[in-house]
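Undergrad: The following block contains the structure, expressed as structure tokens.
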There are 2 protein chains.
Amino acid sequence: MAVNSEREILDRVRGSMRGKGTGLALGIGDDCAIYRPRPGEELLFTTDLLIEDVHFRRATHSARDIGYKALARGLSDLAAMGASPRFCLFSLAVPAWADARFVGGVYRGLLDLSESTGCPLAGGDLARAEALTCDVVACGSAPRGKSLRRSGAKPGDSIWVSGRLGGSALGLATNRGRARRRHLHPEPRLALGQFLRNKATAAMDLSDGLSLDLARLCLESNVAAQIEAPPLYAGATLAQGLHGGEDYELLFTAPPSCRIPALHEGLELTRIGNVVAGRAGEVYLSGKRLDAAGYDHFKRHEQS
Amino acid sequence: MAVNSEREILDRVRGSMRGKGTGLALGIGDDCAIYRPRPGEELLFTTDLLIEDVHFRRATHSARDIGYKALARGLSDLAAMGASPRFCLFSLAVPAWADARFVGGVYRGLLDLSESTGCPLAGGDLARAEALTCDVVACGSAPRGKSLRRSGAKPGDSIWVSGRLGGSALGLATNRGRARRRHLHPEPRLALGQFLRNKATAAMDLSDGLSLDLARLCLESNVAAQIEAPPLYAGATLAQGLHGGEDYELLFTAPPSCRIPALHEGLELTRIGNVVAGRAGEVYLSGKRLDAAGYDHFKRHEQS
């Protein structure tokens, strides 16, 4: 079966829009999607590109893995700010090698996650391109003024991470076992993000590695950080735990007086250090300056 | 000057976010942008890809043209539904040939239009890719229940278009004169869209050519259409006026009793025909069946 018209593909996903109770008044099929906000909510928006040979390779990612990860990245950004998912938009550029079965698989991967997290697909765009390119916009909601930001960390706050780090980097390196699944199917920490709304002073998700992401959080908050080694994923090296990207765990800060449990809905939470006054963005590991060696698209490419 | 980090580019555009009175509580620099809806508004979302050698060629489009058009397409979708722009998100994937000057030009083209239309840049994503790829999300607002849709046309309604058609196709073919500018800098019909809110029964923008777009509107409204030749851009052929894409004029329907002026803020409005009962999606030009020959990404590529 050939991919023979936009309409055919759009018709397939059109049914996915669940209108009742989601606030979506109009989904796929018109020039725009329509969302009707509820009283007292603020809306959060994030957009993430996922591009063949930049963010994933066809050799390791199935069509479903690609669709899943495209949305998972956006949902993780919502989780980082304590938002509940509301809807998503999905733009897809399809190369000639991708047949309708493959394209359908990408949509299925996205729709599986969209349905399990209550984040209906409200619209998107579809085009041809040389490389498979996805861009997902995720919209979430939080009570007005309650979203978590990167900029609220204060000297004296404790620094926390969820889960164990380095699993995705390990999975990328070995391409097998549970770590491989960790790399392909990261779980957006939505429940934790919402739990932290009235607790954390700052939060973000770990997409580019702890060393770089913690430096970013500190820069936005105009503080420095002192940490010890984070909890490592079974088999991961310290370098993978410090610098490996795509764990999509949450990094957050909270006053020492705030009671953070060791487990939240089965997910470990570990205190790894303290926010300190100092040069904005500097991170110290066991007292020594830690360079930000996480993933930066432009730096990486300039260096390689 | 090399493109040496995401931060450098993000810092440049960070200042563009105008917070006051826009509803944007947080722009570029965190995991998500935050928008605080006003009472009684519904929000409209559209996302549009703009890809090198698919939607534009470097030989004809400058960096600024690319940024301008990426946003203009989204704003035109908002205009089509009668929305006022609220904010936009911009994802950009940059190939190795594009230096910081070029990337800066793309942002400048987008920001010029963003500022002139009151649609601040609230966030986005930036990555490397083989082909220059833009994805713009435009968010607009309308009073609740007042957005224009494709689906409301009724038999007996008049069919109208704004402006003169075929100018963009002419400019693409000749690459000179005013038509070239028409192709490169289409003007989203935002004021007209808002004017039509309480008048039109259905509306959409002409992005893929009148023949295809009118068929789509009729399909959504479950009606057919009888039209005469539309007003043509000076020098454009009838085929360019009927099938040429990217005019970004508005196509709308209104009851015959509704007074539509011949000019709205200097823009011509022309009645081109009538909505009729019939097989959904069929369009007749001067009594003969008109095939939809406008631009469909997948059909075009399958055929060529």
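Undergrad: For region B:68-103, give me each residue that is part of a helix (DSSP H, G or I), touching a Gly at 6+ places or on another chain (Cβ under 7 Å) and open to solvent by 10 Å² or more (accessible area, probe 1.4 Å).
TA: Restricting attention to region B:68-103, the residues satisfying the condition of being part of a helix (DSSP H, G or I) are B:68-80, B:100-103.
Next cut, touching a Gly at 6+ places or on another chain (Cβ under 7 Å) only: B:68, B:78-80.
Selection gives B:Tyr68 alone.
Undergrad: I would also like to ask the following. Within region A:24-41, can you find the residues that are at positive phi and more than 7 Å from chain B (Cβ to nearest Cβ)? So that I can check it myself, show each step before the final result.
TA: First pass over region A:24-41, keeping only residues at positive phi: A:29, A:40.
Residue satisfying the conditions is A:Gly40 alone.
For every residue, the table says whether it meets (1) of a type in the set (D, E, K, R); (2) more than 7 Å from chain B (Cβ to nearest Cβ); (3) farther than 24 Å from B:Leu50 by Cα.
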residue: A:Ala100; (1), (2), (3): no, yes, no
residue: A:Leu110; (1), (2), (3): no, yes, no
residue: A:Ser116; (1), (2), (3): no, yes, yes
residue: A:Gly124; (1), (2), (3): no, no, no
residue: A:Ala129; (1), (2), (3): no, no, no
residue: A:Cys134; (1), (2), (3): no, yes, no
residue: A:Gly145; (1), (2), (3): no, yes, yes
residue: A:Leu148; (1), (2), (3): no, yes, yes
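Undergrad: Checking A:Ser5 against (1) within 7 Å of another protein chain (Cβ to nearest Cβ); (2) surrounded by fewer than 24 Cβ atoms within 10 Å (Cβ to Cβ); (3) modelled with pLDDT of 95 or more, which single condition isn't satisfied?
TA: A:Ser5 satisfies all of (1) within 7 Å of another protein chain (Cβ to nearest Cβ); (2) surrounded by fewer than 24 Cβ atoms within 10 Å (Cβ to Cβ); (3) modelled with pLDDT of 95 or more except (3).
Matching residues to (1) under 14 Å from B:Asp30 (Cα atoms); (2) more than 15 Å from the chain's Cα centre (by Cα):
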position	(1), (2)
A:Gln194	no, no
A:Ser207	yes, no
A:Ala215	yes, yes
A:Ala224	no, yes
A:Ala234	no, yes
A:Gln240	no, yes
A:Gly244	no, no
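Undergrad: Considering only residues that are assigned to a strand (DSSP E or B) and more than 27 Å from B:Asp31 (Cβ to Cβ), which ones fall in region B:104-149? Quick ask: steps written out before the conclusion?
TA: Keep residues of region B:104-149 that are assigned to a strand (DSSP E or B), which gives B:121-128, B:133-143.
B:Ala142, B:Pro143 - these are the residues of region B:104-149 that are assigned to a strand (DSSP E or B) and more than 27 Å from B:Asp31 (Cβ to Cβ).
The values are calculated or read from the model by the stated rules, or taken from the named source; none is laboratory data. Remember, it's a predicted structure, so these values are computed and weren't measured experimentally. All Cβ positions, glycine included, derive from the backbone under ideal geometry; neighbour counts span all protein chains shown. For the accessible areas, the whole protein counts, side chains as well, though only heavy atoms, and no ligand, DNA or RNA atoms are used. Shrake-Rupley method; radii C 1.70, N 1.55, O 1.52, S 1.80 Å.
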